[in-house]
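The values are calculated or read from the model by the stated rules, or taken from the named source; none is laboratory data. Computed from a predicted model, the values in this text were never measured in an experiment. Cβ coordinates were reconstructed from backbone atoms using ideal geometry, including for glycine residues, and neighbour counts include every protein chain displayed.
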Amino acid sequence: MLLRDDRADGITVLTLNRPVARNSLSLQMLETLESALAGIGEDASRRCVVLAAAGPVFCAGHDLREITAHRADADQGRGFYDRAMDTCARVMQAIIGLPQPVIAAVQGVATAAGCQLVATSDLAVASDQARFCTPGVDIGLFCSTPGVALARAVPRKAAMEMLMLGEMISAEEAHRIGLVNRVVPADRVMATALDLASAIAARSALTVRMGKRAFYAQVELPLADAYREAACVMADNLMAHDAAEGIGAFLEKRRPVWDDR
């Protein structure tokens, strides 16, 4: 269901592995992903995460067959739906809160909550054959929770167009609006994602983690509060050993040696 590959270079690859079900996010898949992220967050040896998927589809969103089956519950599915949506929300917040950067390697179609995964990831590399949409409006189920991630990843009107029309957009259009960082040939998706992960892993882990936390802390704040938050983090960062090492190495024209402290 979820494959984990901890590489020697500090990169962890998490692969959604339900290709027959289009890697849809069943409750079990969400809970497994949540558990994996929690474990990675506590592992100082892990420096970056690549989120990938098996088969031709990246992720088709929530498992609609599972959702439909629970309509037969005594409460018509309300308890299950609350649990599934709450778990999904925790997973998305876990990605944002994870100390390590998360890079989505999108080899195929990403729809609804699958598109939400892409929008939530810190970086995203897409195949030139990948496509994206939030089509809930077409089936009477507006993609409200994917809209939370979209509204924070792309311009507001671009997000509303995706949510209101539910139309599939190309990888090139996803890149134009800022949903993905890079578009590459299909056979280069994983290699490109791993190259980005390796470049990040080569930096001070302390600095990257402080920077990711600060970015998400300030981005929702009013301007003056954002600067206060960022200035405090910068001062804390300057007190770190790796900042002294990095600045010293720059001034001395040598390569820095990171201690991650």
Query raised in the report: If you go through segment 175-183 one residue at a time, do you hit one that is more than 18 Å from the chain's Cα centre (by Cα) and either more than 23 Å from VAL50 (Cα to Cα) or among the hydrophobic types (A, V, I, L, M, F, W, C) (or both)?
Result: no
Query raised in the report: Is there any pair with a first residue in segment 24-44 that is closer than 22 Å to THR111 by Cα and a second that is of a type in the set (A, V, I, L, M) and at pLDDT below 95 whose Cβ atoms are under 7 Å apart and which are 6 or more apart or on different chains, and what are they?
Result: GLN28/MET1; MET29/MET1; THR32/MET1
Query raised in the report: Of all residues in segment 210-235, how many are acidic (Asp, Glu) and either in a loop (DSSP other than H, G, I, E, B) or more than 26 Å from the chain's Cα centre (by Cα) (or both)?
Result: 1
Query raised in the report: With respect to ILE200, is the statement that it is within 30 Å of SER45 (Cβ to Cβ), modelled with pLDDT of 95 or more, of a type in the set (A, V, I, L, M, F, W, C) and touching a Pro at 6+ places or on another chain (Cβ under 9 Å) true?
Result: yes
Report task. Determine which single condition MET92 fails, assuming it passes every other condition in (1) touching a residue at least 60 places away in the same chain (Cβ under 8 Å); (2) surrounded by fewer than 24 Cβ atoms within 10 Å (Cβ to Cβ). Result -> (1)
